[in-house]
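Notes to accompany the following structure.
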C-alpha cells in the first residue's frame, strides 16, 4: 500500500495543529507548527475562509493523518462504524484506537505512531503469543501484546522501555511496564481519545 513519505511537519502545518507525528520533537522548540503558523506552499499565508465542505474535509484529513491511515482504509473504517450500533463518529474513533500500531504507541513502546507502525512491520511484537506484523489489525478485548524476547536486548528497546515507565496509558489498556506487555481490557470510549476531534464533521462528509 502506498504511504506518504514526505516531511511529517508539513502535514501538521497544513492542518494548522500539532498531530504529534514526530514524537517528542512536537513538544520542543523545533516543532514546525510553533515556528511557522502558516500552511505550507507559496500561498499558505493567504488562506481564504473555509466553507462547510472544507471544514469537513480538513477534519477527515486531520484524523487520517493523526492515525496514519490511507484514504481507502479510512473509508472502510467509516463504513464499519456506520453499521455498528451507537454513534457513528464515536465508533469510528474507537476502531482507529484499536489498530495494532496505535495500541503499541499507546502502551508507550514507540515515540510516535509512525515509529510504532515500523516496529510492528519489522516483527518486534507478538499478539496473543503469536507473530503479528500487520499494523492495521484491530484488537479486541482480551488480546495481549508483548515484545518479542529477542528485541528486549536491543539498545532501541532498552531506551523505549525506560521511557515507557513515565508514560500515562489509557484506562482501556492494562500495561505491565516491567515486562513490556499490555492487555486490552475494554473497548475505547470517546473520552479515551485525547485529541480534540470533531468527528461529526467526518460523518457528515461521508454521509453526502
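The values are calculated or read from the model by the stated rules, or taken from the named source; none is laboratory data. Predicted model, so just to flag it, every value in this text is computed and none were measured. In this analysis, Cβ positions are derived from the backbone assuming ideal geometry, glycine residues included, and neighbour counts consider all displayed protein chains.
At-a-glance table
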item: Residue, farthest from residue 142 (Cα to Cα), within segment 171-182, restricted to residues that are modelled with pLDDT of 95 or more and crowded, with 18+ Cβ neighbours inside 10 Å; result: 175
item: Subset of segment 133-169 (residues that are in a loop (DSSP other than H, G, I, E, B) and at pLDDT below 95); result: 148, 154, 165, 166, 167, 168, 169
item: Odd one out for residue 202, checked against (1) under 19 Å from the mean Cα position of the chain (by Cα); (2) outside the structural domain of residue 79 (by TED's automatic domain parsing); result: (2)
item: Selection status of residue 81, touching a helix residue (DSSP H, G or I) at 6+ places or on another chain (Cβ under 6 Å), at pLDDT 95 or above and surrounded by 14 or more Cβ atoms within 10 Å (Cβ to Cβ); result: yes
item: Positions within segment 101-116 being in a helix (DSSP H, G or I) and either out of contact with any helix residue (DSSP H, G or I) (no Cβ under 8 Å at 6 or more places or on another chain) or crowded, with 22+ Cβ neighbours inside 10 Å (or both), in sequence order; result: 101, 102, 103, 104, 105, 106, 113, 116
item: Residue match in segment 185-195 (condition: over 19 Å from the mean Cα position of the chain (by Cα) and either more than 20 Å from residue 91 (Cβ to Cβ) or buried (at least 17 other Cβ atoms within 10 Å of the Cβ) (or both)); result: no
